[in-house]
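The values are calculated or read from the model by the stated rules, or taken from the named source; none is laboratory data. Since the model is a prediction, treat every value here as computed from it, not as a measurement. So basically every Cβ, Gly included, is an ideal-geometry build from the backbone, and we count neighbours across all protein chains shown. Ligands, DNA and RNA are stripped out before the accessible areas are found, and what is left, the full protein with its side chains, is counted by its heavy atoms. Shrake-Rupley method; radii C 1.70, N 1.55, O 1.52, S 1.80 Å.
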Amino acid sequence: MSSLLHQQQFSLDHGAWIDCLATTDNLLIIQDLDGVCMELVKDPLDRVIDLDYVRATEAFDGHFYVLTNGEHTGPRGINGIVERAFGEGGEPRYLPGLAAGGVQWQTRAGEVSHPGVSEAELRFLAAVPDRMRSRLHQFFDQYPEAIAAADLQSGINASALDNMASPTANLNTLYGLLGDRRALYTDLQYAMQTLMEELLRDAARQGLADSFFVHYAPNHGRGPDGKEILWFGEGDESGTTDFQFMLRGAIKEAGVLALLNRYYAAKTGEFPLGQDFSVRQAPHSHADLLDLVIQNFDPALMPTLIGVGDTVTSVVVMEKGEPVAKRGGSDRNFLHLIQALGQQFGTGNLVTYVDSSGGELKNRRALKLEDRGGKTIVTAGPGDPRDGDDPLVLNVVFPGGYRQYCQAFQTAAARRP
């Protein structure tokens with residue numbers, strides 16, 4: 001079935017997708033979290049995960065890993081959400097895989113480590129959330145009438161995320177509180193961008209010049225300098241809402257290699273890239289990552305990869321009178337690498353897209369459906385022909401969002417031998 005699906009775009013053939021997951025022995029699912037198996041919400045503390053979905057992932061043990069820019073641990077980590085789903089007295093089974101862009105590893109039993117990360121780097125990161133809170137207070141002190149005092153404090157508390165390896169300023173709640181004051185929200189985005197640049201300079205002064213980078217989510221891709229392009233809010237779109245101060249090398253596409261390395265070791269007892277390989281040792285470019293796999297991984301053992309994400313952006317803007325496609329999103333590059341690996345190794349890899357536009361965040365482009373001759377088809381979405389020749393092809397899409405995806409996933413799990 002996958003040999004057919006990987007040649008398609010915007011397929012709604014969920015039955016074939018379920019068959020692929022249920023019947024493929026040599027399978028590796030690499031899945032994002034927010035917006036994929038949970039609803040996107042303004043405050044990460046409000047996230048909820050379905051217990052039946054968590055249990056379903058166990059049917060794919062050894063064949064399923066998460067890859068997220070969020071974290072496993074901490075007050076807003078996925079582990080706390082899973083624990084609440086199991087309830088008091090329950091024995092939670094955690095979601096294995098990589099978090100914080102790839103630098104935080106977790107086993108199914110909940111054992112967490114940070115491969116390739118130094119104590120000095122963790123100490124610097126620990127101070128970042130307080131810097132974020134302080135800068136947010138300074139910003140709104142200039143505009144005392146913008147948000148009611150009680151709402152402002154709760155908004156700031158919801159915005160400065162105490163992530164251990166990827167402290168984040170998440171502006172979703174403040175965006176909602178600002179209402180129609182769009183210009184002020186854009187100024188807030190500038191303020192957070194300025195703080196990120198200051199943090200990078202401070203790290204350099206402490207001998208950590210090569211330790212960190214800034215991830216903007218969602219974004220407009222990367223510029224010629226390799227840095228991500230901030231998406232300033234326009235109209236009803238919030239643009240970039242997450243300003244993540246991250247460890248250099250913590251990019252999802254590198255996480256694909258780290259997970260493949262562990263997958264091969266579980267099958268053969270040998271790590272193709274070495275037992276100590278981490279994302280911090282990986283190259284950053286798409287071509288170099290692909291070459292590293294080609295050079296080190298046995299093609300006969302290469303699994304069919306199923307990449308699942310929701311954050312893929314593609315928009316055409318006019319620059320100097322010419323249309324220019326701006327393509328980004330925190331899931332784009334890891335999905336693109338999975339697509340390229342499938343083409344290189346002939347494994348029928350599937351790029352799976354979950355439409356998260358129905359959540360609380362207003363920075364997602366919805367899939368457009370039409371009935372033609374009694375058949376429902378997708379006529380528009382990220383990477384459709386109006387955006388030009390997008391290198392990423394979304395093979396299978398779930399326009400019904402995380403609920404539709406989780407139901408299909410659970411159906412596949414129930415059929416897994």
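When C20 is tested against (1) open to solvent by less than 10 Å² (accessible area, probe 1.4 Å); (2) touching a strand residue (DSSP E or B) at 6+ places or on another chain (Cβ under 8 Å); (3) under 19 Å from D310 (Cα atoms), just one condition goes unmet, and that condition is (3).
If you go through region 192-209 and pick out every residue that is out of contact with any strand residue (DSSP E or B) (no Cβ under 7 Å at 6 or more places or on another chain), part of a helix (DSSP H, G or I) and either of a type in the set (D, E) or buried (at least 17 other Cβ atoms within 10 Å of the Cβ) (or both), you end up with 4.
Restricting region 368-384 to residues that are of a type outside the set (K, R) and exposed (fewer than 15 other Cβ atoms within 10 Å of the Cβ), the residue that is farthest from C37 (Cα to Cα) is G373.
When M318 is tested against the conditions (1) within 20 Å of I251 (Cβ to Cβ); (2) open to solvent by 40 Å² or more (accessible area, probe 1.4 Å); (3) not in a helix (DSSP H, G or I), the lone failure is (1).
Residue by residue, here is whether (1) crowded, with 20+ Cβ neighbours inside 10 Å; (2) assigned to a strand (DSSP E or B); (3) in contact with a Gly (Cβ under 9 Å, 6 or more places away or on another chain); (4) charged (D, E, K, R) holds:
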| site | (1), (2), (3), (4) |
| --- | --- |
| F334 | yes, no, yes, no |
| G342 | yes, no, yes, no |
| V351 | yes, yes, yes, no |
| A366 | no, no, yes, no |
| R386 | no, no, no, yes |
| P391 | no, no, yes, no |
| Y405 | yes, no, no, no |
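Tell me yes or no: at least one residue of region 361-368 is in contact with a Pro (Cβ under 9 Å, 6 or more places away or on another chain) and within 19 Å of R222 (Cα to Cα). Among the residues of region 361-368, at least one is in contact with a Pro (Cβ under 9 Å, 6 or more places away or on another chain) and within 19 Å of R222 (Cα to Cα), which makes the answer yes. Looking at region 230-247 only, could you name the residues that are in contact with a strand residue (DSSP E or B) (Cβ under 8 Å, 6 or more places away or on another chain) and closer than 19 Å to A160 by Cα? Hits for region 230-247 are L230, G239, T240, T241, D242, F243, Q244, F245, M246, L247.
Name every residue in region 393-403 that is surrounded by fewer than 19 Cβ atoms within 10 Å (Cβ to Cβ) and of a type in the set (A, V, I, L, M), in order of residue number. Once the filter is applied, which keeps residues that are surrounded by fewer than 19 Cβ atoms within 10 Å (Cβ to Cβ) and of a type in the set (A, V, I, L, M), region 393-403 yields only V393.
The set of residues in region 272-305 that are open to solvent by less than 70 Å² (accessible area, probe 1.4 Å) and in a loop (DSSP other than H, G, I, E, B) comprises P272, L273, G274, F277, S278, A282, P283, S285, F297, M302, P303. Scanning region 210-222 for residues that are surrounded by fewer than 21 Cβ atoms within 10 Å (Cβ to Cβ), of a type outside the set (F, W, Y) and either touching a helix residue (DSSP H, G or I) at 6+ places or on another chain (Cβ under 7 Å) or at pLDDT 90 or above (or both) turns up D210, V214.
Only residues that are open to solvent by 30 Å² or more (accessible area, probe 1.4 Å) and assigned to a helix (DSSP H, G or I): list them for region 249-271, please. Scanning region 249-271 gives R262, A266, K267, T268. Number of residues in region 134-182 that are open to solvent by less than 30 Å² (accessible area, probe 1.4 Å) and under 30 Å from V117 (Cα atoms): the value is 15. When residues in region 306-315 are screened for being at pLDDT below 95 and crowded, with 21+ Cβ neighbours inside 10 Å, 4 of them pass. Considering only residues that are farther than 26 Å from G249 by Cβ and touching a residue at least 40 places away in the same chain (Cβ under 8 Å), look in region 321-331 and name the one that is most open to solvent (accessible area, probe 1.4 Å). My answer is P323. Selection of region 368-417 for residues being at pLDDT 95 or above, among the polar types (S, T, N, Q) and either under 19 Å from H6 (Cα atoms) or under 23 Å from the mean Cα position of the chain (by Cα) (or both) yields N395, Q404, Q407, Q410.
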